[in-house]
Amino acid sequence: MRVFYNCSYKGNDVPEDIRELYSYIETGACSNELTERIDGAVAAARMNEEWRSAYMKEITVLMDAREEGREEGRQEEQKKTEAERKRADEAEAILARYREKYGELPVS
C-alpha cells in the first residue's frame with residue numbers, strides 16, 4: 001500500500017507533529033524524536049544492500065515502463081501523422097481531378 005501526503009499544505013488544521021513530519025519529508029531536516037527515528041530508519045535502509053538492490057530493480061522497471069509508454073506514444077503519433085498525410089494526399093488528388101476537369105479556380 002502506498003500513502004501520498006501533501007507535504008506543502010500549510011493549513012492550521014494540521015497537528016504540529018504532522019507538520020514536523022511533512023517538513024522532514026520535504027526537507028530531510030529532523031526536528032523532533034519521531035523525525036530523528038525516521039531518519040535513522042531511512043539511513044539504515046539505504047545501507048541495506050538487499051533493499052538497495054530491490055529499489056534499483058523497481059526504478060529500472062518504472063523507467064522501462066515509462067520508455068515503453070513513450071514509444072507507444074511515438075508510434076501512435078506516427079500513425080496519426082500517416083493518416084493525416086494520406087487524407088491530405090487524397091484531398092490533393094481530388095483537387096487535381098477538379099482542376100483537370102474544370103481548370104484553375106479564380107482567386108477572389
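The table for this structure:
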| read-out | value |
| --- | --- |
| Carbon plus sulfur fraction of accessible area for the chain, probe 1.4 Å, in percent | 54 |
| The chain, helix-only ellipticity at 222 nm - DSSP H runs n ≥ 4, -39,500 (n - 2.57), divided by all residues, nearest 500 | -27000 deg cm²/dmol |
| Separation of the Ala88 and Lys57 label points, Cα + 7 Å toward Cβ, nm | 4.8 |
| Charge-dipole axis of the chain as Lys and Arg at +1 and Asp and Glu at -1 on Cβ define it, positive-most pick from Leu34, Tyr102, Ser23 | Tyr102 |
| For the chain, convex hull volume per residue from C-alpha positions, Å³ | 230 |
| Heavy-atom surface of the chain, accessible at 1.4 Å and reported per residue (Å²) | 91 |
| Trypsin sites (Lys or Arg not before Pro) lying in DSSP loop within the range 8-88, provided at most 12 other Cβ fall within 10 Å | Lys10 |
| Cβ-Cβ FRET estimate between Glu68 and Ile25, R0 fixed at 30 Å, reported to 0.05 | 0.50 |
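The values are calculated or read from the model by the stated rules, or taken from the named source; none is laboratory data. Since the structure is predicted, the reported quantities are computational estimates derived from the model, not experimental observations. Positions of Cβ are generated from backbone atoms using ideal geometry, with glycine treated the same way; all protein chains shown enter the neighbour counts. Just the protein is used for accessible areas: all its heavy atoms, side chains included, with ligands, DNA and RNA removed. Shrake-Rupley method; radii C 1.70, N 1.55, O 1.52, S 1.80 Å.
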